[in-house]
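Structure first, commentary second.
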């Protein structure tokens, strides 16, 4: 346990972005070039970002930039500097404006890999629940175990601390929870550094709160340990063919299974980019028509968006009325000032020259998306019951599709709040800024999309039927959202049979 004085120091460090001190073993960069990078980032964003002051005033954001620049008084390694820039960028509250490590970071990252926090954890709201443990012979932290605190920090305090370094649309923090769940230990280490031991508070098998101390994990790299490692099963002979790899890649992006017993098609759709989606949609909806499928479940919990055209195509198979992309789709510039730091420039510059125009309001408008109404498909259009499954990672083009369909009589939205904004977002064209001294990369959306100005601003899509995770479902390995939908379909089929 840390002493009370050390705990106060840790607490003050968490409350100030300037106090983050992880990854001391990484190489450091001098303060002045890093200050120059932050000042340059401010100029680039001011010249190009369409929604810089959507959620924060100019004076407040200027103050944040000044605080970060003045707070860089000594050399920093890349993790420390990225934390500062990520904290700053998160103030914009744009999920498409996010910070990534430099391309060169991969060469030095192995020095930061170990030790690690040894528990994989699922987070939502104020909950932390164990998914797995890499501790040898761990008899305590089984799947589904509820965590109530780490190192004396409450779950809420811990999550709020990490949340400050993650960008999302408005206040849709469910995205942040989902992102942290994918690599809890990595986020904990990157933001708070690594401890040799952790005091974990949890609910034991008797339902009582208990506390134990665990060590951080580093693999045993000794020669004796390497000799002792025996594969659990022999590797399959040969390597997968290119065709098999391509097929696996396609299935990772989209797949459909039809359950004829319940007259239900299940589609898992993880992206709107690649995956030969247009032909996939065409074949899938044709198959559903031929087999007289009555129910359709589309799982978009992992769908971060992608090609807007593919999103429109799927929506046309489901919508019962014509729809348009948004009330306004605008950019503040298409000249790409500071273009030498933005890549690719020419591709997006040409696209904006030929597909957008400058209007009387001084903004660059993508007029087709503002004016054109897309009609529903007539061939193979699906008219049965539709269940769209969403979560915190549902973003961008996926959010556009779901938001358009919400409220339609045969469609139910199931799951958790999306990370993508319900009112709108900044996206469409997204080149990348590379800061010249640190190499940090920051995505730069060029268009502001207001999908429907009458919608409330600030959050993601709230589902018609909210189904949050549960420790019991995690313990049993149950997909609670799909199970609830199956039960709904069963009742709907039974009611139809009675009539």
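Throughout, read-outs are computed from the coordinates displayed, never taken from laboratory work. Computed from a predicted structure; not experimentally measured. When we count neighbours, we look across all protein chains shown, and the Cβ atoms used for this are built from the backbone with ideal geometry, even at glycine.
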Quiz item: Classify the range 243-498: rounded, prolate or oblate, from the alpha-carbon gyration tensor (a ≥ b ≥ c, eigenvalue square roots; a/c under 1.5 rounded; otherwise prolate if a/b is larger than b/c)?
Solution: prolate
Quiz item: Counting alpha carbon pairs within less than 8 Å and at least 6 residues apart, what relative contact order, in whole percent, applies to the range 235-352?
Solution: 21 percent
Quiz item: Taking the alpha-carbon centroid of each part, what is the distance from the range 178-194 to the range 260-301 in angstrom?
Solution: 35 Å
Self-check item: Relative counts (whole %) of C-alpha pair distances in the range 391-443, using bins that are 10 Å wide
Solution: 22, 37, 23, 13, 5, 1
Quiz item: Once Rh for the range 14-145 is found with the Kirkwood sum over Cα pairs, what is the Stokes-Einstein diffusion coefficient at 4 °C and 1.567 mPa s, in µm²/s?
Solution: 75 µm²/s
Exercise. Please give the calculated 222 nm ellipticity per residue for the chain, where each DSSP H segment of at least 4 residues contributes -39500 (n - 2.57) and the sum is spread over every residue; nearest 500 deg cm²/dmol?
Key: -11000 deg cm²/dmol
Quiz item: Counting alpha carbon pairs within less than 8 Å and at least 6 residues apart, what relative contact order, in whole percent, applies to the chain?
Solution: 18 percent
Practice problem: Go ahead and collect, in residue order, the members of the range 317-343 whose backbone nitrogen is under 19 Å from a label point 7 Å along the Cα-Cβ direction of residue 375. | Solution: 317-325
Quiz item: If you compute Cα extents along the principal axes in Å for the structure shown, which of [x] 69, 62, 48; [y] 66, 54, 52; [z] 71, 57, 38 do you land on?
Solution: [x]
